[in-house]
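Q: Dropping the structure in here first, questions after.
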Ligand code: 5GP
């Protein structure tokens, strides 16, 4: 029987730079994994490719996916829906491939309930000033919206207690290195490998 792949969930407060770290992991092929492409009702940004960055769908298609239990988890964020298609995740894991999800904290909480064997990594800002700078530098938010996002981020940072690891996103290169080390270590945790050794000693 093929050994199940590892489910790796990267999450963290909004504005922390999950998307940038994800892109760096994908681009550098930092370790061997399949990226789970999410479904969203958000419109594509310039340069985003349907089926690669997201599956861009209508609200009615998204609602149909919820109704048919096609999603492992889903959430609404700034007026749009985002969700993880379940079938490809299951298939890749059963083929022994590691699957990487980059999702928000609410989605991660749903996944933890359904797939507690996953590795849950929380990306944190080095400090709140840095986070505010990142949110301000994104551009379009008013003072009031920035204050709301910061309030939300304070709450979300405390959600780290539901996770296995906290990785500081001080530089993308450091965050990528830490995530790589975590994945390597998780692969050799005794509960994940013990069955292979049980089989090995049985054969002798
Ligand atoms: P963006 O619109 O900037 O690509 O993503 C907005 C937020 O949605 C980010 O916090 C991102 O992590 C989150 N997100 C992306 N895909 C999913 C998903 O499949 N499920 C959930 N719950 N959140 C997602």
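Q: When both residues are 6+ apart or on different chains and their Cβ atoms are under 9 Å apart, which pairs have a first residue that lies in the range 60-88 and is in contact (Cβ under 8 Å) with a residue 60 or more places away in the chain and within 14 Å of residue 104 (Cα to Cα), and a second that is assigned to a loop (DSSP other than H, G, I, E, B) and near the ligand (Cβ under 7 Å from one of its atoms)?
A: 77/14; 77/42; 77/104
Q: If you go through the range 171-178 one residue at a time, do you hit one that is assigned to a helix (DSSP H, G or I) and more than 19 Å from residue 18 (Cβ to Cβ)?
A: Within the range 171-178, none of the residues are assigned to a helix (DSSP H, G or I) and more than 19 Å from residue 18 (Cβ to Cβ).
Let's see how each residue does on (1) within 13 Å of the ligand (Cβ to nearest atom); (2) under 15 Å from the mean Cα position of the chain (by Cα); (3) under 20 Å from residue 183 (Cα atoms):
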position	(1), (2), (3)
72	yes, yes, no
81	yes, no, no
89	yes, yes, yes
100	yes, yes, yes
103	yes, yes, yes
107	yes, yes, no
111	yes, yes, yes
125	no, no, no
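Q: If I filter the range 77-87 for residues that are within 28 Å of residue 134 (Cβ to Cβ), touching a helix residue (DSSP H, G or I) at 6+ places or on another chain (Cβ under 6 Å) and not in a loop (DSSP other than H, G, I, E, B), do I get at least one hit?
A: Checked the range 77-87: at least one residue is within 28 Å of residue 134 (Cβ to Cβ), touching a helix residue (DSSP H, G or I) at 6+ places or on another chain (Cβ under 6 Å) and not in a loop (DSSP other than H, G, I, E, B).
Q: Would you point out which residue out of 183, 201, 193 is in contact with a strand residue (DSSP E or B) (Cβ under 8 Å, 6 or more places away or on another chain), under 20 Å from residue 3 (Cβ atoms) and in a helix (DSSP H, G or I)? Break it down stepwise before answering.
A: Details: 201 fails: in contact with a strand residue (DSSP E or B) (Cβ under 8 Å, 6 or more places away or on another chain); 193 fails: in contact with a strand residue (DSSP E or B) (Cβ under 8 Å, 6 or more places away or on another chain).
Every option except 183 fails the conditions.
Every number in this text was worked out from the coordinates using simple rules, so none of it is lab data. Here the structure is a predicted model, which means the values were calculated and not measured. Glycine gets a Cβ as well: all are built from the backbone with ideal geometry, and neighbour counts include every protein chain shown.
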